[in-house]
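Here the structure is laid out as structure tokens; the discussion comes afterwards.
The values are calculated or read from the model by the stated rules, or taken from the named source; none is laboratory data. Not measured: the values here are computed from a predicted model. With ideal geometry, Cβ positions are generated from the backbone for all residues, glycine too; neighbour counts draw on all protein chains shown. Heavy atoms of the whole protein, side chains included, go into the accessibility calculation; ligands, DNA and RNA do not. Shrake-Rupley method; radii C 1.70, N 1.55, O 1.52, S 1.80 Å.
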Amino acid sequence: MTRRIALLFIAGALVLAASGPGEDDWKEGVRQFAAEDFRQAQEAFERAVEQDPESSRFSLWLALAMGRRAERMTGLRKLAAAPLVRRMRREMERSIELDETNLDAYDALQGFHLGAPALVGGSKAEAKEIAIRMRAFDAARGAEALGMYYEAMGEFDAAGEQFEEARRLNPEGIRPLLKQAAFLARRGKHEESDELFDLAFSRDPDEPKVWRAAATAWILAKRKSRYPEARELAERYLETPDREPNPDPKSEVRDLLKKL
């Protein structure tokens, strides 16, 4: 185990050892979320919020659990999705009200506005406003968010400029590197994308987010020459414990493997 990984595990243990109103229920919610029992996760996060209604973190995770539940509703149960999605949006907004610097909450809320229909409150205009607000707290994250907005609008040149700007503003960060690499892969610019993924691997070969991002990009782009490596990375990702609470279900990676 590298020194960096050891330090990260120690830091994670300290976070999980933290005590306070709602912490035990939040930890239980995180465990249920990782197990993809999103109803149980929602109930645990609701208990956490009841105990500490001023926690931006608790509100965000409650929203994430509700969102995942809504995604998985099928048949007649889907009739209950719209009210749940509206409640999810309100909880994300509350998370930001409680902590206007919670960039993960902004990310989640922008994702909702970019993907949800107007019927349940989705708004591309709101998605852009969120990105602009983010710039006040973190210029690089704001540029990433603008890149996501412009890509969703089909303004690919503008999106590319924003992803490039995010890397310029945070040249040592893994996150903007992966965002730009994934964007280039989606645009079919595989040589440029692979160069950025190679750089990410050289900076932190033990980062599961790098494995997931690269495997996802190669599989979705149907890069058959990269399938063996993508499979290896995806399987390694599934077998590796999360370094920190992970809002991205691992079943999504298992579904990717089925495409190979």
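Return yes or no: is Ala140 small (Gly, Ala, Ser), open to solvent by less than 30 Å² (accessible area, probe 1.4 Å), at negative phi and not in a loop (DSSP other than H, G, I, E, B)? If you could, list the steps in order and put the result at the bottom.
Details: small (Gly, Ala, Ser): yes; open to solvent by less than 30 Å² (accessible area, probe 1.4 Å): yes; at negative phi: yes; not in a loop (DSSP other than H, G, I, E, B): yes.
So Ala140 passes the test.
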So Ala65 ticks every box in (1) farther than 16 Å from Asp248 by Cβ; (2) hydrophobic (A, V, I, L, M, F, W, C); (3) without any contact (Cβ under 8 Å) to a residue 40 or more places away in the chain but one. Which box is left unticked? (1)
The listed residue being basic (Lys, Arg), without any contact (Cβ under 8 Å) to a residue 40 or more places away in the chain and in contact with a Leu (Cβ under 6 Å, 6 or more places away or on another chain), out of Arg175, Arg141, Arg133, Arg168: Arg141
Test Ala185 against the stated conditions and say whether it is buried (at least 16 other Cβ atoms within 10 Å of the Cβ), of a type outside the set (D, E, K, R) and either assigned to a helix (DSSP H, G or I) or modelled with pLDDT of 95 or more (or both). yes
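Which residue, of Glu235, Glu229, Glu195, Glu239, is more than 17 Å from the chain's Cα centre (by Cα) and closer than 30 Å to Glu23 by Cβ? Give the steps one after another, and end with the answer.
Numbers: Glu235 fails: closer than 30 Å to Glu23 by Cβ; Glu229 fails: closer than 30 Å to Glu23 by Cβ; Glu195 fails: closer than 30 Å to Glu23 by Cβ.
The conditions single out Glu239.
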Of the residues in segment 225-249, those that are outside any helix (DSSP H, G or I) and without any contact (Cβ under 8 Å) to a residue 60 or more places away in the chain number 3
For segment 188-233, give me the residue count where each residue is open to solvent by 20 Å² or more (accessible area, probe 1.4 Å) and closer than 18 Å to Arg243 by Cα. 8
Residues that are at pLDDT 90 or above: find the helices (runs of 4 or more DSSP H) completely inside segment 1-96 holding 2 or more of those. 23-34, 38-51, 56-71
Say we look at segment 17-31 and pick out the residues that are buried (at least 19 other Cβ atoms within 10 Å of the Cβ) and in contact with a helix residue (DSSP H, G or I) (Cβ under 6 Å, 6 or more places away or on another chain); which of these is farthest from Asn246 (Cα to Cα)? Gly22
Please identify the pairs in which a residue from segment 145-156 that is surrounded by 17 or more Cβ atoms within 10 Å (Cβ to Cβ) has its Cβ atom under 9 Å from the Cβ atom of a residue that is assigned to a loop (DSSP other than H, G, I, E, B) and among the polar types (S, T, N, Q), counting only partners at least 6 apart or on another chain. none
Just one of (1) closer than 20 Å to Ala127 by Cα; (2) part of a helix (DSSP H, G or I) trips up Glu195, so point out which. (1)
Restricting segment 111-134 to residues that are hydrophobic (A, V, I, L, M, F, W, C) and surrounded by 17 or more Cβ atoms within 10 Å (Cβ to Cβ), the residue that is nearest to Ala145 (Cα to Cα): Ala131
